[in-house]
Amino acid sequence: MRGVSTHGIAWFPQYVNAELFGNLKREWGINTVRLAMYTGEEGGYTTDGNKEELRKLVHQGVDAAIKQDLYVIVDWHTLSDNNPLISVDEAKRFFDEMSHDYAGKPNVIYEIRNEPNGGTTRAQVKQYAEQIIPVIRANDKNALILVGTPNWCQNIEAAGADPITGAGNLMYTMHFYAAEYHEELRNAMVSAVESGFPVFVSEFGLTQASGDGAIDTASAQAWLNAMDEHDISYVIWNLSNKNEGSALFVTGETRNPQTSDLTAEAKWYRDYLKQHATEANR
Ligand code: IDC
């Protein structure tokens, strides 16, 4: 799968629309959209965000993706709330509703949390996952579920050493930012996949991990080539026109962007996807 991620949908809801998703499918060749719903920050789902509005937006995004025949990742975007267990009850209610409403829709993928960080252990990630997965499975036996790995989704070895069993269709996420991370992390990704471990890159950027700074296209090229070579799915960060290197747009266009609306990261990614289109997404 090749995709794009929204920024926080609470902050950039205008990018959650079928016209834009259709444009990106047609013009860039994506087949996947990730809906990032921050949970812990200002406007987050478990802080002061408007829960009902946020759920409505997620539904809108899923429906728009289904309409365009795309895969769609429903992302419980933990970040500053680094320990997943903080909001496990809210997460259960959220994933119960989503997996009930979209049961049997093969488009929909559940990313049960974003990036464990701040000393969150593999055991805590697992404990959280083992509470959320049965809630989804009660509604949908086959939906793909993505589980985060420790240290901002970079410790794939820790996940591999203690996998979750009996949970059905499950993959583990790895994230990278190309200007900051190079061979070492990439080799870890490749060896995990070569050993048969299911890795999904549900977020990456071409900049520093801060999401800002210059893009590193040589590094990005090495990463995307490695992912393509090993059939690893990837999703780029982010659908916004925020003043940061990882934003994909420079103008306020949110429906039918043309080349002049795109940032350097967006242009590079679009061109890469066009040059490496597969039969499936040509
Ligand atoms: C960043 C956004 C930035 C925002 C910040 C905090 O790009 O505008 O101010 O979050 O909310 C991640 C996270 C993702 C980050 C991104 C870049 O999943 O939320 O977005 N990043 O820092 N992990 C590694 C990098």
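The values are calculated or read from the model by the stated rules, or taken from the named source; none is laboratory data. This structure is a prediction, so every number in the text was calculated from the model and none was measured. Positions of Cβ are backbone-derived with ideal geometry, glycine not excepted, and every protein chain shown enters the neighbour counts. For the accessible areas, the whole protein counts, side chains as well, though only heavy atoms, and no ligand, DNA or RNA atoms are used. Shrake-Rupley method; radii C 1.70, N 1.55, O 1.52, S 1.80 Å.
Assorted remarks:
- Once backbone amide H atoms are built at 1.01 Å from N, residue 36 has 6, 9 as its partners under 5 Å, excluding neighbours fewer than 5 places away on the same chain.
- Violating pairs (Cα-Cα greater than 20 angstrom) within the set 25/92; 105/141; 25/267; 56/242; 25/242: 25/92; 56/242; 25/242
- Dipole axis of the chain (+1 Lys, Arg; -1 Asp, Glu on Cβ), positive-most option in 156, 247, 32: 32
- Taken about its Cα centre, the chain carries a charge dipole of about 660 debye when Lys and Arg each add +1 at the Cβ and Asp and Glu each add -1 at the Cβ.
- Exposure check, 1.4 Å probe, all protein chains in place: residue 261 carries approximately 20 Å² of accessible surface.
- Order of exposure, largest accessible area first, which applies to 250, 108 with probe 1.4 Å: 250, 108
- Rough spin-label spacing in nm, given labels placed 7 Å along Cα→Cβ, for residue 164 and residue 127: 1.5 nm
- Under the convention that each Lys and Arg Cβ holds +1 and each Asp and Glu Cβ holds -1, the size of the dipole of the range 17-151 around its Cα centre is about 500 debye.
- Gaussian network model of the chain, Cα within-10 Å springs - most flexible of 113, 55, 34: 55
- Within the listed set 73, 112, 86, the residue fluctuating most in the Gaussian network model of the chain (springs between alpha-carbon atoms under 10 angstrom) is 86.
- Sorting 81, 162 on solvent-accessible area from highest to lowest, probe radius 1.4 Å, gives 162, 81.
- Surface listing: 183, 229, 265 arranged by accessible area from highest to lowest gives 229, 183, 265, probe 1.4 Å.
- Stokes-Einstein diffusion for the range 78-178 at 10 °C, viscosity 1.306 mPa s, with a Kirkwood radius from C-alpha pairs, works out to 117 µm²/s.
- Distance from the alpha carbon centroid of the range 77-118 to that of the range 131-175 works out to 11 angstrom.
- Distance distribution P(r), the range 1-154, all Cα-Cα pairs, bin width 5 angstrom from 0: 2, 10, 20, 22, 21, 16, 7, 2, 0 percent.
- Kirkwood Rh, Cα atoms: Rg over Rh of the chain: 0.93
- Adding -39500 (n - 2.57) for every DSSP H run of four residues or longer, then dividing by how many residues the chain holds, sets the calculated 222 nm ellipticity at -11500 deg cm²/dmol.
- The tail of the calculated P(r) for the range 38-116 beyond 16 Å holds 49 percent of all Cα-Cα pairs.
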